[in-house]
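Presented below is the structure to which this report refers.
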Amino acid sequence: MSVASDRPALRLRRPQRQQVTPVPLYLDALLPDDHLARLIWAAVERLDLTAFTAEIKVVEGGPGRAAADPAVLVALWIYGTSQGESSARQIARLCTEHFAYLWLCGGVSMNYHSLSDFRVAHGPKLDALITEVLGCLHHAALIDFDHVAQDGIRVRASAGAASFRREASLQRSLEEARVVLAAVQAAGEAGEAGEAGEAGEASAEQAGPTPRQQAARQRAAAERVARVEAALAELPAVQAAKPAGKKEEARVSTTDPEARVMKMADGGYRPAYNIQLAADSGHQAIVGVDVTTSGSDQQQAPPMVQQVQERLDALPAQWLIDGGFAAHTAIEQVEAAGPQVLAPVRQPKDGQRDRYVPRPTDSATIAAWRQRMGTDPAKDAYRLRAATIECVNAQARSRFGLQQLRVRGRHKVRCVALWLALTHNLLLWIKHGLAVSPALRAAA
């Protein structure tokens, strides 16, 4: 039986395990020697990142806080993508909780704003990095370049179906958004005048929003107006794609004006972007990346051929595409550039007609394509398409988490696709070509 005591309550240092606290650690001991984060850092150190550092203005001896090394940001996004992480907030949290991210940061503090901005602000530089890594893969004899396969992935956009509105509704939304913006701006001006007059005499209960809160409200209202204006600007392009009698039914999203409703793999229709990937059949290196707002693949092959030509200064012997790409004009344009097209010939409605026999209206290129696809060598080579690009697409969805986009706008979506392609190729380089020990390669 305890005896009551008149002693005051003890003041003790109790454990607080639900908060971030500095812990003295030897960072290099956090990860084993064969950890993937070490491999990615070793690969990133070999890349030319001068284009990223060229924009940094802080110099030794000058004013300003030291900038984060772009190599750290590149490594964080590549490692995060390799683990299926696509959220800047989640990666920022992992930089304080997960040993791999802590090791990559190496004591450099990170916040989600910096990570989010870096992901979408360097499209051309990411494109150049992919070309550089492809050069390393070619030097390691990991690109055969006999066959390139292309396919599209329709990825759910960061927009709801209810955000799509017709022209009349968009005009009303714009008027309402402008009224809200004017009211918020007027409230901000009145608040500033009131603060100046009262000189801080108002109590905390009577005080209005803080200047930071007011600025956030004005920013949100201005962004709303900008999004609706962008939706109205996109409307003519959507109307042009509609048949003559259905132009009034054209709708655009006020959340992501560049997103389009597309038919998805499960047969449903949702806002999405069409991410196009092209891969070499040798080791499945991604050699081309593009993003379109069209749900159809019919005209996507010629731009990809041009991109690969510009990126690698060479074209493969054969270009493998499925039936969704096989428009006659697209086949003619691809073959005019150089590669021979391997694509299935559709079964004619007339079951008695041989689909591989040229038709009277066929051009010489289309007639040759029909006859070629009827031969066993062409059919055998076409089987490489599924083994190449379908495998790449499956990895993009399952391994890299390309299920739904967290960014809005075609430019930002393309940056996400470029990060995916860069990660895919870098892991391929690590696994087969990077000059490290076999044990480290196996970890990739």
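The values are calculated or read from the model by the stated rules, or taken from the named source; none is laboratory data. The structure displayed is predicted, hence computed values, not measured ones. FYI the Cβ positions are ideal-geometry reconstructions off the backbone, even for glycines, and counts take in every protein chain you see. Keep in mind that these areas ignore ligands, DNA and RNA; they rest on the heavy atoms of the full protein, side chains included. Shrake-Rupley method; radii C 1.70, N 1.55, O 1.52, S 1.80 Å.
Structure notes:
A quick yes/no check of all residues on (1) among the acidic types (Asp, Glu); (2) touching a helix residue (DSSP H, G or I) at 6+ places or on another chain (Cβ under 8 Å); (3) over 26 Å from Leu312 (Cβ atoms):
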| residue | (1), (2), (3) |
| --- | --- |
| Lys57 | no, no, yes |
| Ala71 | no, yes, no |
| Arg89 | no, yes, yes |
| Ala100 | no, yes, yes |
| Trp103 | no, yes, yes |
| Ser114 | no, yes, yes |
| Gly123 | no, yes, no |
| Leu134 | no, yes, no |
| Leu137 | no, yes, no |
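- The condition of being within 27 Å of His98 (Cα to Cα) and not basic (Lys, Arg) holds for only one of Asp48, Asp33, that being Asp33.
- If you go through the range 364-381 and keep only what is part of a helix (DSSP H, G or I) and either open to solvent by less than 50 Å² (accessible area, probe 1.4 Å) or under 23 Å from His424 (Cα atoms) (or both), you end up with Thr365, Ile366, Ala367, Ala368, Trp369, Arg370, Arg372, Met373, Ala378, Ala381.
- Among the conditions (1) within 20 Å of Leu384 (Cα to Cα); (2) surrounded by 18 or more Cβ atoms within 10 Å (Cβ to Cβ); (3) touching a His at 6+ places or on another chain (Cβ under 9 Å), Ile321 misses just one, which is (3).
- Looking only at the range 159-213, and only at residues there that are open to solvent by 70 Å² or more (accessible area, probe 1.4 Å) and of a type in the set (S, T, N, Q), the one that is modelled with the highest pLDDT: Gln171
- Note on the range 30-44: residues that are modelled with pLDDT of 90 or more and outside any helix (DSSP H, G or I) amount to 3.
Conditions tested, residue by residue: (1) hydrophobic (A, V, I, L, M, F, W, C); (2) surrounded by fewer than 18 Cβ atoms within 10 Å (Cβ to Cβ).
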position: Gln306; (1), (2): no, yes
position: Ala314; (1), (2): yes, yes
position: Ala326; (1), (2): yes, no
position: Pro339; (1), (2): no, no
position: Gln347; (1), (2): no, yes
position: Gln352; (1), (2): no, yes
position: Arg359; (1), (2): no, yes
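- Restricting the range 223-258 to residues that are over 19 Å from His411 (Cβ atoms) and among the acidic types (Asp, Glu), the residue that is most open to solvent (accessible area, probe 1.4 Å): Glu248
- Scope the range 277-300; condition open to solvent by less than 10 Å² (accessible area, probe 1.4 Å), in contact with a Phe, Trp or Tyr (Cβ under 7 Å, 6 or more places away or on another chain) and closer than 27 Å to Pro257 by Cβ; matching residues: Val291
- Residue that is most open to solvent (accessible area, probe 1.4 Å) [pool: residues in the range 107-152 that are outside any helix (DSSP H, G or I) and under 14 Å from Val407 (Cβ atoms)]: Ala121
- Among the numbered conditions (1) within 30 Å of Val252 (Cβ to Cβ); (2) open to solvent by less than 80 Å² (accessible area, probe 1.4 Å), the only one that Lys412 does not meet is (2).
- Taking the criterion of being in a loop (DSSP other than H, G, I, E, B) and crowded, with 16+ Cβ neighbours inside 10 Å, the residues of the range 45-65 that qualify are Leu47, Leu49.
- Pair list, Cβ under 8 Å, 6 or more apart: the range 369-398 residue among the hydrophobic types (A, V, I, L, M, F, W, C), other residue part of a helix (DSSP H, G or I) and surrounded by 13 or more Cβ atoms within 10 Å (Cβ to Cβ): Trp369/Ile331; Trp369/Glu335; Met373/Lys379; Met373/Tyr382; Ala378/Arg372; Val392/His424; Ala396/Leu420; Ala396/His424
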